[in-house]
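FYI, it's all coordinate maths here, none of it is from the lab. Because the structure is predicted, anything quoted here is derived from the model rather than measured. Neighbour counts are summed over all protein chains in view; Cβ atoms, including those assigned to glycine, are modelled from backbone coordinates with ideal geometry.
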Amino acid sequence: MGIRVVITGYGIVSSIGMNADEVLGSLLEEVSGIGEITRFDTIHKGKLPLAEVKRSNAELLELSGLKDKRKYSRTSLLGIAAASQAAGMAGIKPNQSLRTGLISANTVGGMDRTEDFYPLFLENQSRGRLSEVATHDCGESTERIAQFLDIRDFITTISTACSSSANAIMLGSEMIKAGLIDRVIAGGADAVTRFTLNGFNTLMILDKNGCRPFDEERAGLTIGEGAAFLVLESEELAIREGRKIAGFLSGYGNANDAYHQTASSPDGIGAGLAMAKALEMGGIVPARISYINVHGTGTQNNDLSEGIAVQRLFGGEVPPFSSTKSYTGHTLGAAGAIEAVISLLSIQHSCVFPNLGWATPMKELYIRPVTTLLRNTDVEHVLSNSFGFGGNNSSLVLSKYNSR
Amino acid sequence: MTNLNAIYINGLGNLSPQKTTDSSHFLDEVNRVQSNRLACIEPNYRDFISPDILRRMGRLIKMGVASSRICLADAGCVMPDAIITGTGLGCLEDTEKFLTTLIRNNEELLTPTSFIQSTHNTVSAQIALLLKCHNYNFTYVHRGWSFESALLDAMIQLRNGKASKVLAGGMDELTNGSFEISRRLGLWRMKPADTFELLKTTARGSIAGEGSAFFLLSSAQSDTTYAVLTGMNTFNRKASPVSLPRLLSDFLERSGTGPEEIDLAVCGLNGDTSSARPYKELTGSLNNAGIAAWKHLSGEYMTSSAFGLWMASMIMKKQQVPEAAVIRPPGAKTIKTILIYNHYLDLNHSFILIRKP
């Protein structure tokens, strides 16, 4: 058997909690993080909801003991908070002899600050504070997180729209399997911005009532923000170092829908391929999946396409499934990692979290999501889906750890 | 013979400020300009993309799709097993367009096209869409390591057997806005520089550039093979107390090569005095090697190392260093090993090693 990649740390910051315990509490109490827009001025205030992290930038700086606010985009601040939790849990310290990497993901980098810079720059190209645009590129926040945690051996950034951080986790695992690195902190961060809010609004896929994944009346997604990271290492190393193993990454797959730049194919071909690849890699037959944390954005198009792909793959034995975007909103570049952490919480606490806001089954599907909390249910393998623009479809299988 | 684990560069496609799209020419006729910014010589995109799709396509996407098509045709590859791209700043033109309209119209009357195309993975997605390619599709966006990360992933996919043909590329576009911002950040020469004088004069700043270069990497040698991709490494010099020559020898050791075996060092010299030091430090330790440079031809941008690897691959196949690129002619009769060394703002450093097949 090949190298098994295990998870020895995780961290999460989202609209439903500033760490894994708080997130778990909200999931169990069925408290959604979707609410009014407070982060920035926008004409959509009071009309469209967002799932914001309930901390100001000043509070996030203080949380991580940082001072110079001109240096950090909100994406970086969210990322630093979540990555620190993950590194802390796995006992990652600077100057250890192990080769440690950071693979982060996001979709719009420091766009929150570019939005402050740009109005003045548009008036006159010699104006606008350069420090506000120096954080624009997607790699910048990764550099900041790496600097904060003193990660030196390898860093990179992935941006594949809404599957970005699932893909970061995949690369991390592949690098460990290839022996290129000993440990990887992999995940993603994204802050809410006017850019993304207005972008998705032009596509007319934002539900003014908050997202209702897999409901017949669903009218779109709700944008959220947050960050999450996993610490991945080989099972052998984790055992040798005496680490607590939270679970393992048994399979993953990325496939392209190659149908349309933003819409999913009616038959969910890319989604089906990604899920099938992940199961095949893990040597797991569909019937052994205990729970599917679906992508479930709440758009007409995604939920139908994904639902059809799930029905095709699982046939008459579709396991319990839910979209936790009804709690966290769609956190874009962070979504894959946030949902990987939620999947781990499901495994560790033997429960399946319900899909909030659901009332009516979709008429095209015979499956329906879990709508009440399932407790004391053995969760062995979780399939977590993340699908993005450009037909970028990724699936991860996270599994309960047991020594071989 | 095909070595296990060896990775072959079997196809190239490069769209740049030089005439690089036609592989029968190799920088024999240089586009000489007096400027502090270089723009790509763009082909007739209708040769690659149907007019109805072309109409709405952003510029970087066109550049990416065209260069990927040239690369696939060059390698005789119809369907790659993976498409992996690297871009420092992505589709800037569309990002700026959406942001500008958002601000000027106070969030009203916006249209989705530029938002959709602003997504960083649009180039790799459009390539997949036009090929109907359902395979692995990744995009890296880490500054001066964007292209290197794509290469690394390609090498992993080939070595773990998940792919046998990978289409990998690096691309960035220059816009008026991004030029102006980076000019204010001090990246470019204050006065226009001559293409042939840039690397000879000492001054602050380089010249801005852009480009899109693709590579068809394969686990099997073919009659179109240019070179063997032997190794790649990214490093942050500031985070390492070790000297550059030492970092190089450690890197070379992993691929079983001695520093004396390097026949040519293709360097990312960009005319900026403060950026020149690492290149001098490195080439100073490679007495036997010739030196070549590319950024006076391509300009500086986050994924310009893709142009560097293109040039090195061409040199390997043609066994000729173009006059316009020579800094110090190689002594060896046959060029067997080429090192590509690049750094972006002294933050993102990389070594790429290729060998004669």
Quiz item: Residues with amide H under 5 Å of A:Leu206's amide H, sequence separation 5 or more or different chain, H placed in the peptide plane at 1.01 Å from N; which?
Solution: A:Leu221
Quiz item: Over region B:17-56, what relative contact order in percent results from Cα pairs under 8 Å that are six or more residues apart?
Solution: 35 percent
Quiz prompt | chain A, relative contact order [Cα under 8 Å, separation at least 6], % | solution = 23 percent
Quiz item: Within region A:177-229, which trypsin sites (Lys or Arg not before Pro) sit in a loop by DSSP and count at most 16 neighbouring Cβ atoms inside 10 Å?
Solution: A:Lys208
Practice problem: Anything in chain A that counts as a DSSP H helix reaching 15 Å or more along its axis (C-alpha) with Kyte-Doolittle mean of at least 0.5? List them, would you? | Solution: A:74-89, A:269-282, A:335-348
Quiz item: What distance in nm separates the simple spin-label points at A:Ser131 and A:Arg404, each placed 7 Å from Cα in the Cβ direction?
Solution: 5.2 nm
Exercise. Report the trypsin sites (Lys or Arg not before Pro) located in region A:318-377 that are in a DSSP loop and have at most 12 other Cβ atoms inside 10 Å of their Cβ, or state none.
Key: A:Lys363, A:Arg375
Practice problem: Would you mind getting me the FRET efficiency between A:Ala287 and A:His349? Use the beta-carbon distance for r and R0 = 22 Å, nearest 0.05. | Solution: 0.45
Self-check item: For chain A, with +1 on Lys and Arg beta carbons and -1 on Asp and Glu, the positive-most of A:Ala340, A:His44, A:Leu304 along the dipole
Solution: A:Ala340
Exercise. Identify, among B:Ala213, B:Gln319, B:Leu229, the residue whose Cα sits farthest towards the positive end of the charge dipole of region B:189-326, taking +1 on the Cβ of Lys and Arg and -1 on the Cβ of Asp and Glu, with the dipole about the Cα centre.
Key: B:Ala213
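Quick check: net charge around B:Phe307, other residues with Cβ under 11 Å of its Cβ, Lys/Arg +1 and Asp/Glu -1?
Cβ neighbours under 11 Å give a net charge of -2.
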Quiz item: What ranking do B:Leu286, A:Leu332 get, fewest neighbouring Cβ atoms within 10 angstrom at the top?
Solution: B:Leu286, A:Leu332
Quiz item: So for A:Leu102, B:Leu152, fewest C-beta neighbours within 10 Å to most, what's the order?
Solution: B:Leu152, A:Leu102
Self-check item: Burial ranking of peptide ranges A:309-319, A:245-255, A:222-232, B:40-50 (average Cβ count within 10 Å, highest at the top)
Solution: A:222-232, A:245-255, A:309-319, B:40-50
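For a Förster distance of 35 Å, can you work out the FRET efficiency between the beta-carbons of A:Ile239 and A:Leu373, rounded to the nearest 0.05?
Once rounded, the FRET efficiency stands at 0.55.
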Quiz item: Expressed as a rounded percentage, what relative contact order does region B:268-322 have, with Cα pairs under 8 Å and six or more residues apart?
Solution: 33 percent
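Using the number of other C-beta atoms within 10 angstrom as an exposure proxy, rank B:Phe138, B:Phe235 with the fewest first.
So the ranking, lowest neighbour count to highest, is B:Phe235, B:Phe138.
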Exercise. Please pull out the direction-averaged projected area of the protein assembly as shown, using the convex hull of its alpha-carbon atoms, in nm² to one decimal place.
Key: 29.3 nm²
Self-check item: Computed [θ] at 222 nm, helices only, for chain B once each DSSP H run of length n ≥ 4 contributes -39500 (n - 2.57)
Solution: -9500 deg cm²/dmol
Quiz item: Taking K and R as +1 and D and E as -1, what net charge do the other residues with C-beta under 14 Å from the C-beta of B:Met79 add up to?
Solution: +2
Practice problem: Please find the FRET efficiency linking A:Arg99 to B:Glu253, where r is the Cβ-Cβ separation and R0 is fixed at 22 Å, and quote it to the nearest 0.05. | Solution: 0.85
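Please state the charge dipole magnitude for chain A, taken about the Cα centre, from unit charges on C-beta atoms (+1 on K and R, -1 on D and E), reported in debye and rounded to the nearest 20.
It comes to approximately 480 debye.
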Quiz item: In sequence order, what are the phi-derived ³J(HN,Hα) couplings for region A:393-404 according to the Karplus relation 6.51 cos²θ - 1.76 cosθ + 1.60 with θ = phi - 60°, rounded to whole Hz, with x for glycine and proline?
Solution: 10, 10, 10, 10, 10, 9, 10, 5, 7, 9, 5, 7
Quiz item: Which parts of region A:109-132 would a label at A:Arg70 reach, counting a residue when its backbone N lies under 19 Å from a point 7 Å out along Cα-to-Cβ?
Solution: A:110-121, A:126-132
Quiz item: Cα gyration tensor of region A:251-399, axes a ≥ b ≥ c as square roots of the eigenvalues: rounded (a/c below 1.5), prolate (a/b > b/c) or oblate?
Solution: rounded
Quiz item: If the chain between A:Glu123 and A:Asp21 were fully stretched, how many nm would it gain, using 0.36 nm times the residue separation less the Cα-Cα distance?
Solution: 32.1 nm
Exercise. Could you tell me what % of all Cα pairs in region A:143-256 have separations over 26 Å?
Key: 36 percent
Exercise. Please sort through the DSSP H helices of chain B and keep those with an alpha-carbon extent of at least 30 Å along the long axis and a Kyte-Doolittle average not below 1.0.
Key: none
Quiz item: Thinking of region A:5-240 as a set of Cα atoms, what percent of all their pairs are more than 26 Å apart?
Solution: 40 percent
